[in-house]
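Here is the structure we will look at.
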Amino acid sequence: MEYIVEVKTGTKDYQVIIGNGIHYGERIAAVRKPCKVVLVSDDIVYGLYGEKTEKELKEYGFDVFSYVFPNGEKSKNLTTAAELYEFCAQKGISGSDLFVALGGGVTGDLTGFVAATYLRGMEFVQLPTTFLAAIDSSVGGKTAVDLKTGKNLVGSFHQPVLVLCDTDTFSTLPKEVFADGMAEAVKYGMIKDKELFETFEKGDFDINRICKRCVEIKAEVVGEDEFDKGLRKILNFGHTVGHAVEKLSNYEIPHGSAVAIGMVIVTRAMESELEDKTMTNRLLKVLEQYNLPVSCEYSANDLALQAVSDKKRAGSTISVILPECIGEVKIVPMTMEEWNSYVNKGV
């Protein structure tokens, strides 16, 4: 079954279309006249879907120029962005042309950042090919690249004009990559939807319906707080520790796995203050059920210290997302000393 979720923000409204066997060319042609398209993809995804996507776009009159970069988080940096800028300049890409991101979160973040900044801003389309990108990074307009100091430290808010999620692409994902998406799906249940979390506990799994519900939650949050000034911070549940885990592992531990670890640490710390002591065990069981890690080798002090460079820090405080119960969280500002103590309680 195909689903359409409407995303409405202060800067742009657009659709997220979720289904099987989506024809990219036809759907993009419905929102854009034929023009030059810069198709951005990594070398693994391009090998799977690049030629097919090029063909579908050309069928509808688009002139396609493909830029392919090495797979992995280590490519999401200013060097790759600069190479893509030069590629666009050499191909004569103008402000009326279009970027298309074909791939996972790294591809979407990089493409969106370049689209936001090349020629002072151009339109782009997201074609997520991973479960994680489909329910998280492709929606909401956060674009960024990494610095050596930390993740996503250079970026911009830039909404896509369309998101096309063909869930058939998930069939080629390695099990561990699909599991990374499950971490973000579980996050949505923890922060906003108890019934969704219980669906995962039961193992009742319809991938299109799950994608739809997760995107609905994100669309609701982003619609209320596009620029991450208040409510949108709840989407960072597990991410402060998660980003620290990624950085300390030199990005050998992928994003979803790191977020799973982060959720467990902050939930355990929070549960020490609550009467109900079942939340952490329920979270642990769900994450383990979907083959996600729940601990790491790094010390509490190392994890807390790494958060100093996190983009969620504001002066001497950091915004921490803490679960009050399954389906409900709160935003708590902490000093770095308080944060260090809190991580120690959760590790």
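The values are calculated or read from the model by the stated rules, or taken from the named source; none is laboratory data. Owing to the predicted nature of the structure, the values given are computational and were not obtained by experimental measurement. Glycine gets a Cβ as well: all are built from the backbone with ideal geometry, and neighbour counts include every protein chain shown.
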* Taking into account only those residues within segment 69-79 that are more than 21 Å from ALA116 (Cβ to Cβ) and in contact with a strand residue (DSSP E or B) (Cβ under 8 Å, 6 or more places away or on another chain), which is surrounded by the most Cβ atoms within 10 Å (Cβ to Cβ)? -> ASN71
* **All positions within segment 256-298 that are surrounded by fewer than 20 Cβ atoms within 10 Å (Cβ to Cβ) and either touching a Pro at 6+ places or on another chain (Cβ under 6 Å) or of a type in the set (A, V, I, L, M) (or both)** => LEU274, MET279, LEU284, VAL294
* Asked: Can you tell me which residues in segment 152-205 are assigned to a loop (DSSP other than H, G, I, E, B) and touching a helix residue (DSSP H, G or I) at 6+ places or on another chain (Cβ under 8 Å)?
  -> ASN152, LEU153, HIS158, PRO160, LEU173, ASP193, GLY203, PHE205
* Structure fact -> Selection from segment 119-130 of residues more than 14 Å from PHE157 (Cα to Cα) and not polar (S, T, N, Q) yields LEU119, VAL125, LEU127, PRO128
* Structure fact -> Screening PHE87, PHE124 for residues that are among the aromatic types (Phe, Trp, Tyr) and in a helix (DSSP H, G or I) leaves only PHE87
* Assess whether GLU252 counts as being closer than 24 Å to ASN77 by Cβ and modelled with pLDDT under 95. => yes
* Asked: Tally time: how many residues in segment 14-67 are part of a strand (DSSP E or B) and under 17 Å from VAL114 (Cβ atoms)?
  -> 11
* Asked: Just one of THR107, THR117 is assigned by TED's automatic domain parsing to the domain that holds PHE65, surrounded by fewer than 20 Cβ atoms within 10 Å (Cβ to Cβ) and assigned to a helix (DSSP H, G or I); which is it?
  -> THR117
* Structure fact -> Those helices (runs of 4 or more DSSP H) completely within segment 240-347 that have 3 or more residues that are of a type in the set (Gly, Ala, Ser) are 255-271
